[in-house]
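Peer 1: Structure below; questions to follow.
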Amino acid sequence: ASDGYKREEDVPPAAGRADVLEINYGLSGRCEWAMGAGCVQYIGEGDRRVSAESNHSHRTILPLGRYSGLVILIDLPAINTILPNIIPELDIDLTALMNRIFTRCGCYIVPARDEVQQLFACLPAAPTEAKSVLCRLKAQELLLFLHYFRPEQEKQKKVYERQQVELIKQIRKQLTAHPGIRYTIEDLSRQYGMSPTVLKANFKGVYGVSIASYMKDYRMQYAASLLRDTPISIAEIATQVG
């Protein structure tokens, strides 16, 4: 979706299997995952979310109004029997890897990393007839990456509480409702009862960019729509959007 800043999709809870590994890779935009116990997770460009299929979110929201990603499902019992034929040089045990990754929680989000982004960078531009073959090759490369993956050496992305997220969305709603007003971080901090540091960190966690960057982009898009769809002068538009 690319036609707005708010979009959500309600999906019936998936009857997923605990022995199927689900890997979500963000290509562009941003996706919010509503999980159990009131926690919220985010995937942005280059991020990877590794979980069991049974831990799939029943509700996703697109904070930026757009998201493009790749989902790979790996049937562990099946693939462990054929891996020696696919990659005979390495003794890859994905079930053991899954047990290592999920020692503390049911999923793992790994921040963007150059080598993984390079792995999938060619997919969007690949010829349509080649994408199926290319995806299979990239999946095999991903198996190699997972084989050497050490979760204990990685820094997980932060998980947010629903209450924190809703507060940040209220702030965004206020900012975009009055783009001509320049709110300072200090003003917003006092109004919403949180420290400037927490406010800035949580806003970037939800929307992937700073408040200043988000509002600059929003003002430009809003101004473009007014230029295109209304007879308002450029000077008036500049004042209206701040």
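The values are calculated or read from the model by the stated rules, or taken from the named source; none is laboratory data. Nothing here was measured: the structure is a model prediction, and the numbers come from that model. Quick note on the areas: whole protein, heavy atoms, side chains included, nothing else; ligands and nucleic acids left out. Shrake-Rupley method; radii C 1.70, N 1.55, O 1.52, S 1.80 Å.
Peer 1: Once the Cα atoms of the chain are picked out, what are the Rg and Dmax in Å?
Peer 2: That works out to 21.0, 68 Å for Rg and Dmax.
Peer 1: With every protein chain kept in place and ligands, DNA and RNA left out, what is the accessible area per residue of the chain? Probe 1.4 Å, answer in Å².
Peer 2: Numbers: 13380 Å² over 242 residues.
Here the residues of the chain average 55 Å² of exposed surface.
Peer 1: Same structure, new question: In a GNM of the chain with a 10 Å cut-off on Cα contacts, which of I211, I82, I109 has the highest mean-square fluctuation?
Peer 2: In this elastic network of the chain, the residue with the biggest mean-square fluctuation among I211, I82, I109 is I82.
Peer 1: Also, quick follow-up: Where Rh is the Kirkwood radius over the Cα pairs of the range 93-233, the temperature 25 °C and the viscosity 0.890 mPa s, what D in µm²/s does Stokes-Einstein return?
Peer 2: Numbers: Rh = 19.2 Å.
Result for D is 128 µm²/s.
Peer 1: Compute the distance from the alpha-carbon center of the range 58-73 to that of the range 157-235, in whole Å.
Peer 2: The distance from the Cα centre of the range 58-73 to that of the range 157-235 comes to 21 Å.
Peer 1: Follow-up. Pop out the ³J(HN,Hα) list for the range 67-82 in order, Karplus 6.51 cos²θ - 1.76 cosθ + 1.60 with θ = phi - 60°, rounded to Hz; leave Gly and Pro as x.
Peer 2: In residue order, the calculated couplings are 7, 10, x, 10, 10, 10, 10, 10, 7, 4, x, 6, 6, 5, 7, 10 Hz.
Peer 1: Taking θ = phi - 60°, what integer Hz values does the Karplus form 6.51 cos²θ - 1.76 cosθ + 1.60 yield along the range 42-55, in sequence order, with x for Gly and Pro?
Peer 2: Running phi through 6.51 cos²θ - 1.76 cosθ + 1.60 with θ = phi - 60° gives 10, 10, x, 4, x, 6, 10, 10, 10, 7, 6, 4, 5, 9 Hz.
Peer 1: Please list the non-local residues whose amide H lies under 5 Å from the amide H of L64, H modeled 1.01 Å from N, same-chain partners needing a gap of 5 or more.
Peer 2: Here R30 satisfy the definition.
Peer 1: Check cross-link reach from K155 to the lysines: straight Cα distance under 18 Å, and skip same-chain residues fewer than eight apart.
Peer 2: Cα-Cα hits under 18 Å: K204.
Peer 1: Kirkwood Rh over alpha-carbon pairs of the range 65-112, then Stokes-Einstein at 37 °C and 0.692 mPa s: what D in µm² s⁻¹, rounded to an integer?
Peer 2: Working: Rh = 13.2 Å.
It comes out at roughly 249 µm²/s.
Peer 1: Let me ask something additional. Sum -39500 (n - 2.57) across every DSSP H segment of at least 4 residues in the chain, then divide by the residue count to get the 222 nm mean residue ellipticity, nearest 500. Please report the intermediate quantities before stating the final value.
Peer 2: Details: 9 runs with 106 residues, N = 242.
My calculation for the chain gives -13500 deg cm²/dmol from helical runs alone.
Peer 1: Right, something else. Restricting everything to alpha-carbon atoms, can you work out Rg to Rh for the range 57-147 with a Kirkwood hydrodynamic radius?
Peer 2: On the Cα set of the range 57-147, Rg over Rh gives 0.98.
Peer 1: Let me ask something additional. Quick check of the Kirkwood formula: for the range 123-197, what is the inverse mean of 1/r over all pairs of different Cα atoms, in Å?
Peer 2: Details: mean 1/r = 0.0581 Å⁻¹.
Computed over Cα pairs of the range 123-197, the Kirkwood hydrodynamic radius comes out at 17.2 Å.
Peer 1: Say we join alpha carbon atoms closer than 10 Å with springs in a Gaussian network model of the chain; which of G16, G69, G38 then has the biggest fluctuation?
Peer 2: Most flexible of the set in this elastic network: G38.
Peer 1: Continuing with the same structure: Near the amide H of I109, under 5 Å away, which other amide H atoms are found, from residues 5 or more places off or on another chain, if H is placed in the peptide plane?
Peer 2: V50, K157
Peer 1: Please report the carbon-and-sulfur percent of the accessible area for the chain; probe 1.4 Å, protein heavy atoms only, DNA, RNA and ligands left out.
Peer 2: Values: 7370 of 13380 Å².
About 55 percent, which is the carbon plus sulfur part of the accessible surface.
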